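Engineer: Once you've had a glance at the structure underneath, I'll fire off some questions.
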Amino acid sequence: MSKFKIFLIFPLLFLLSACSNNNSNTKIKSKENMTQVEFCKIISDYRNAYFSEKKKDFYIDQKTELEKIYSKREESLKSVLKNGYVENWEATISEILVSENKGAFLEVKLSCGASLEAQDNLIIAIDSPLYQSLRYYSENSKIKFSGHFLVPTDKSIEGKYPYETYYGEKSFTREGSIKEPEFLFKFTSFHN
């Protein structure tokens, strides 16, 4: 091999190595929110499938097909959320209400239209460090957070909502659950 060819190969290898390192850093960063991306894709895809099916002229098995879509979404969410714990998710605060001497009710909305809510026994206690860090946010603020969905076996909401079959989804109608799902959520930390 001539010296000229070797001279050209080394800078090319160096450049490829640098690009490879940047790609791995990008992969690591994007992997942090991969669960959120998958979650939102499931919410959006099954919402589209449900309403696409519902727009069709009525047919005998339509109700059964809609039930299948709902059930498949539930299974898909279970496969992504597993134990319900998530880290570094991003959302917009849609509501903060402070209850005197108790704490804060917090609702955040994800990009896919799903809401996560701290209410009832999940309210953010007024004397907690979490409450103190929440003081720096307001409605319509972007927020990054960690916490967990209520896992399907959580008995704290049993019988309270008609469709709480998984992860504390608390909509009162099947259609509401598909269109704008509302999940009970335990916030554990807020991040900058």
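Engineer: Of the conditions (1) over 16 Å from Glu175 (Cα atoms); (2) open to solvent by 60 Å² or more (accessible area, probe 1.4 Å), Phe39 fails just one. Which one is it?
Structural biologist: (2)
Engineer: Condition first: surrounded by fewer than 14 Cβ atoms within 10 Å (Cβ to Cβ) and touching a Leu at 6+ places or on another chain (Cβ under 9 Å). Now tell me which residues in region 96-110 satisfy that.
Structural biologist: Residue satisfying the conditions is Leu97 alone.
Engineer: Taking the conditions exactly as written (surrounded by fewer than 18 Cβ atoms within 10 Å (Cβ to Cβ), under 19 Å from Lys186 (Cα atoms), in contact (Cβ under 8 Å) with a residue 12 or more places away in the chain and in contact with a His (Cβ under 8 Å, 6 or more places away or on another chain)), does Tyr85 satisfy them or not?
Structural biologist: Yes; evaluated as a whole, the condition is true for this residue.
Engineer: So is Val80 within 21 Å of the chain's Cα centre (by Cα) and not acidic (Asp, Glu) or not?
Structural biologist: Answer is yes for this residue.
Engineer: Might you check whether a residue that is within 30 Å of Ser138 (Cβ to Cβ) and either open to solvent by less than 50 Å² (accessible area, probe 1.4 Å) or free of Cβ contacts under 8 Å to residues at least 40 places away in the same chain (or both) occurs anywhere in region 47-59?
Structural biologist: yes
Engineer: Here is a list of conditions, (1) open to solvent by less than 40 Å² (accessible area, probe 1.4 Å); (2) modelled with pLDDT under 95, and Lys78 meets all of them except one; can you say which number that is?
Structural biologist: Answer for Lys78: the failing condition is (1).
Engineer: Turning to a different aspect of this structure: For Val98, work out the one condition from (1) assigned to a loop (DSSP other than H, G, I, E, B); (2) farther than 29 Å from Glu175 by Cα it doesn't fulfil.
Structural biologist: Exception for Val98: condition (1).
Engineer: Can you name the residue in region 97-112 that is modelled with pLDDT of 95 or more and among the aliphatic types (A, V, I, L, M) and, of all such residues, is farthest from Met34 (Cα to Cα)?
Structural biologist: For region 97-112, the residue satisfying everything is Leu106.
Engineer: Another question, if that's okay. Anything in region 162-192 that is of a type in the set (Ser, Thr, Tyr) and at pLDDT below 90? List them, or say none.
Structural biologist: Tyr163, Thr165, Tyr166, Tyr167, Ser171, Thr173
Engineer: For the subset of region 120-134 comprising residues that are part of a helix (DSSP H, G or I) and not polar (S, T, N, Q), which member is farthest from Ala104 (Cα to Cα)?
Structural biologist: The extreme case among them is Pro129.
The values are calculated or read from the model by the stated rules, or taken from the named source; none is laboratory data. In this text the structure is predicted, and so the values were computed from the model without any measurement. For neighbour counting, all protein chains shown are included, and Cβ atoms are generated from backbone atoms with ideal geometry for every residue, glycine included. Just so you know, the surface numbers come from the protein's heavy atoms only, side chains and all, with ligands and any DNA or RNA stripped out. Shrake-Rupley method; radii C 1.70, N 1.55, O 1.52, S 1.80 Å.
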